[in-house]
């Protein structure tokens, strides 16, 4: 006997300039993941991004997370096998939260299929997702939607979710950049002046986004001194595009660890047309009010 569930998970953009490892947005761009329990074996089919991962079996990230979440939720006979079908739209290794989406999809599917899943709280799911991902900035908006502020206390991660209706444009380059490589370029310490500047900008950014203070304030609020300049050598095209957009008055940042560039607004709304050049895909999106959610059975793609 088998059971299945389809989960929709949003792309995300973390950092947003000054909010390193703390701020994140859920975006209106989604993956759909169907998980079906089986008596034995692992079968994986993938449409879109990551088709080369279909042969990984038990090593596939969603399968690993699904089994780990099942054990964490509580005692129950674990399914002997798993059938996984992914419709992947979120670009991989581009700074749009593809790994967080996979982690959150696995946890959400386990919560939906486990007999005790209803008792596994949102806080517990967030803690497990952060434990697996290593930091909370992408998994927070993927779970909660909207604009999130995440931090870690002695007893685990916490988040605050804010409603936000804001058009954004993402410029996705052809090349990929591993998050581990991008993090490896960061210095072990920064100056008090840079830390103070980022603290002020992060606070201003929340006010600018939630109070509609205008593009001039938002341009100041998205300035960063903690990570983007250090990562620029690994993504010179992204750094150049951010600089070009900002010179034109567009609040632009590197999305997550990059190399995708995120700009607040659309080319036809509030800022001049900017050509990213060859090798970039441009998507006009919005902030998603929803995080991961289980789709009704009659709307599933498979």
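For this structure, a couple of remarks:
- Residue satisfying all of: in the stretch 114-136; out of contact with any helix residue (DSSP H, G or I) (no Cβ under 8 Å at 6 or more places or on another chain), closer than 28 Å to residue 91 by Cβ and modelled with pLDDT of 95 or more; surrounded by the fewest Cβ atoms within 10 Å (Cβ to Cβ) among these: 131
- Residues satisfying the criterion are present in the stretch 68-87 (criterion: at pLDDT 95 or above, surrounded by fewer than 20 Cβ atoms within 10 Å (Cβ to Cβ) and within 19 Å of the chain's Cα centre (by Cα)).
- Failed condition for residue 225, given (1) within 21 Å of the chain's Cα centre (by Cα); (2) closer than 19 Å to residue 262 by Cβ; (3) outside any helix (DSSP H, G or I): (1)
- Residue in the stretch 263-273 that is over 23 Å from the mean Cα position of the chain (by Cα) and part of a strand (DSSP E or B) present: yes
The values are calculated or read from the model by the stated rules, or taken from the named source; none is laboratory data. In this text, all values refer to a predicted model and were calculated from it rather than measured experimentally. Here Cβ is always computed from backbone atoms with ideal geometry, including for glycine, and neighbour counts include all displayed protein chains.
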